[in-house]
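A quick write-up on the structure given underneath.
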Amino acid sequence: MRVLIADDHDLLRDTLVLFLQSQGDIQTSTAADLAGACKLIETGEPYDLVLLDLNMPGMNGLEGLRRALALGDGQRVALLSGEATREIVEQALEAGAAGFVPKTLPAKSMVNAVKFMAMGEQYAPIDFMTAAEESPSHPLADKLTPRELQVLKGLTEGKSNKEIARDLEITEPTVKLHMKTLYRKVGAANRTQAALIAREAGLF
């Protein structure tokens, strides 16, 4: 069984390789970004499964997944992520992904998931897919749309507009637009103030 692991975190990548190779029947290749993964898909022997980290360089959200799916003979591609939302996972599965593997999955479960997907099945952890979405019932949260809440959460995490746009798969101008309306709703003059108000209110 041949598996390609593409992730920009060396430690996670190497750990995964060790887990899989310890099975004895799994050969692994690695890449640190989408360009490297695509090159290996196009030049090497076919892989039984390609694991792509959702947030590594070159991915651009689900665009990277679609690109990888279209390469070669249309090999099986699964997403690997520590912070994907259920919505993103559902979109990935609809786009033809072989599955979704959370980085929090125990080693044994991860190996089983990889084997399961390589054999042609689609995998996504049941508990992840059925978990209730967190929707904070909060006076401040009630004023904001779900998207404005996501942008505000990004602000409290100190992320730039560019990072928030990438995480939410929207454009920077759209992020700025959401910021403008959420500033008005929470009574903030700038991003620092908005983040402070959200933190003081115990929103995140």
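The values are calculated or read from the model by the stated rules, or taken from the named source; none is laboratory data. What you see is a predicted model; the values in this text were computed from it and never measured. Here the Cβ is made from the backbone with ideal geometry for all residues, glycine too, and neighbour counts use every protein chain on show. Just the protein is used for accessible areas: all its heavy atoms, side chains included, with ligands, DNA and RNA removed. Shrake-Rupley method; radii C 1.70, N 1.55, O 1.52, S 1.80 Å.
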15 Å beta-carbon shell around Leu69, net charge (K/R +1, D/E -1): -2
Accessible area per residue, Å², the chain with all protein chains present, probe 1.4 Å: 53
Share of carbon and sulfur in the accessible heavy-atom surface of the chain [1.4 Å probe, %]: 52
Cα centre as origin, Lys/Arg/Asp/Glu Cβ charges: the stretch 66-116 dipole, Debye: 220
Lys/Arg +1, Asp/Glu -1 at C-beta; the stretch 1-133 dipole; positive extreme among Ala35, Val17, Ala98: Val17
Rounded to the nearest 20 debye, dipole of the stretch 1-115 from Cβ charges on Lys, Arg, Asp, Glu: 240
Across Lys39/Lys115; Lys115/Lys159; Lys39/Lys103, pairs whose alpha-carbon gap is larger than 31 Å: Lys115/Lys159
Lys, Arg +1 and Asp, Glu -1 on Cβ, resulting dipole of the chain about Cα centre, debye, nearest 20: 740
Shape category assigned to the stretch 1-87 from the gyration tensor of Cα positions, a/c cut at 1.5: oblate
Correct option for Rg/Rh (Cα atoms, Kirkwood Rh) [calculated from the coordinates] among [x] 0.98; [y] 1.04; [z] 0.94: [y]
Whichever lysines have a C-alpha closer than 21 Å to that of Lys143, once near sequence neighbours (fewer than 8 apart) are set aside: Lys153, Lys176, Lys180, Lys185
Mean Cα-pair separation over length for the stretch 1-149, i.e. relative contact order, pairs under 8 Å, 6 or more apart, %: 19
